[in-house]
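Read the figures in this text as sums done on the coordinates, not as results from a lab. Just so it is clear, the structure is predicted and the values come from calculations on it, not from any experiment. Every residue, glycine as well, gets a Cβ built from its backbone with ideal geometry; the counts of neighbours run over all protein chains shown.
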Amino acid sequence: MAQATDIFSVNTILYPTSGNLYDRLTEAYLKAGQKDKAKQPYKKMPKTNPGSKIAIKILYTL
């Protein structure tokens, strides 16, 4: 799972406006049991996609 988080992390740097990548990175962190790290991408996601009510809702559940 570490490879997945590394790949998604690099991709968010390469494609910083892709909200989908932040979502996938969060899912990878959650599957790896890293709940604290899972919050970080979702904190950035509303900035890349301000209309994403789903991202804001999920952030509050973390």
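Points to keep in mind about this one:
- In a fully extended conformation the segment linking Leu30 and Ile13 would gain 4.1 nm over its present Cα-Cα distance, using 0.36 nm per residue.
- Ordered by the number of other Cβ atoms lying within 10 Å of each residue's own Cβ, fewest first, Leu14, Leu21, Leu30 fall into the sequence Leu14, Leu30, Leu21.
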